[in-house]
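Enquirer: Sharing a structure with you now.
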Ligand SMILES: [Zn+2]
């Protein structure tokens, strides 16, 4: 466009564009906020495509979908995943361990997470208990790792000092035997951009089930782990207001406390030493397969109407249970998995409209499907 023509843009067109831009800005902020994004983290890029044949519904839908996608992509603290500074996401391929025996070993210099076999990381950390971990009678070992070690390789431009997902410290532990397989776990204390401390548990699905299933038990390594993690979560929760207002010195003291909690967690995991090998394969299988279902059925029959959700992202049905348990079913009524879903996560998914409450008809239909599948009244 020549300068001449540019000069000729009528004043009223300019004015309309001005108004439209202001309106779009307002709309952008309002929609992101409505999707559950805290205002201090609202980004300044949102793509909308407007075509003359589009109506307001089309535009609205496009806006809402974009916002939901955006919010889920920048929510740095996702259950069971670390934040990847390379992809700026906690849902990319780097965010979760590749195998069930991998633990988080720190960040690459480009900010992508490094996952490493538990034993190989212990070796690298020159832990002298390495010999005790291996073999059929291997001991459970917990190892506390400092933030310094985790960001050793990470470049400043790749999120090294970022508050998006700031790991204060972590504990790696293994090997837990689930279905005759060796599993490892990573437990992190993470601070986010709002300076809130979170307990992050990264464990294979089978182990999460064992944990969810251990709530009412008092013995066994998973019960000990469950209860200690539960206490730790409360501890962090009560520490949060202090942490937010603390000066540098106080923060140092609180950090000490966090590390002492992590060491306590390690001691608790190691206390039992050897895991029982007496349980037969059959009994082990039965425990792994039946318990979550029994638990799920129990929670399902006690669930209030507002405990039933449809998961719009996965197309599944979620039933909230006791003490943070959540049970996932497919629409045909088959129990898929159980997990721990803290109430804040649940609320967040509700706010973001990922979880939508089932209405009466849908609840009845779902209960019928479960009944049909398992041949039991629920
Ligand atoms: Zn990534």
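Enquirer: Do the conditions hold for residue 327, that is, is it over 24 Å from residue 78 (Cβ atoms) and outside any loop (DSSP other than H, G, I, E, B)?
Expert: In short, no.
Enquirer: Which one is modelled with the lowest pLDDT, of the residues in region 288-325 that are surrounded by 14 or more Cβ atoms within 10 Å (Cβ to Cβ) and over 25 Å from residue 350 (Cβ atoms)?
Expert: 288
Enquirer: Now for a separate question. Which of the following residues is over 20 Å from residue 326 (Cα atoms) and assigned to a loop (DSSP other than H, G, I, E, B): 214, 218?
Expert: On the way: 214 fails: over 20 Å from residue 326 (Cα atoms).
Just one listed residue meets the conditions, 218.
Enquirer: Now a separate question. Residues that are within 16 Å of the ligand (Cβ to nearest atom), closer than 23 Å to residue 270 by Cβ and in contact (Cβ under 8 Å) with a residue 40 or more places away in the chain: find the strands (runs of 3 or more DSSP E) completely inside region 84-182 holding 2 or more of those.
Expert: In region 84-182, the matching strands (runs of 3 or more DSSP E) lie at 102-107.
Enquirer: May I ask you to list the residues in region 44-75 that are within 30 Å of residue 211 (Cα to Cα) and either modelled with pLDDT of 85 or more or within 12 Å of the ligand (Cβ to nearest atom) (or both)?
Expert: Within region 44-75, just 73 meets the criteria.
The values are calculated or read from the model by the stated rules, or taken from the named source; none is laboratory data. As the structure is a computational prediction, the values presented were derived from the model and not from experiment. Glycine also receives a Cβ, built like all others from the backbone with ideal geometry; neighbour counts cover every protein chain displayed.
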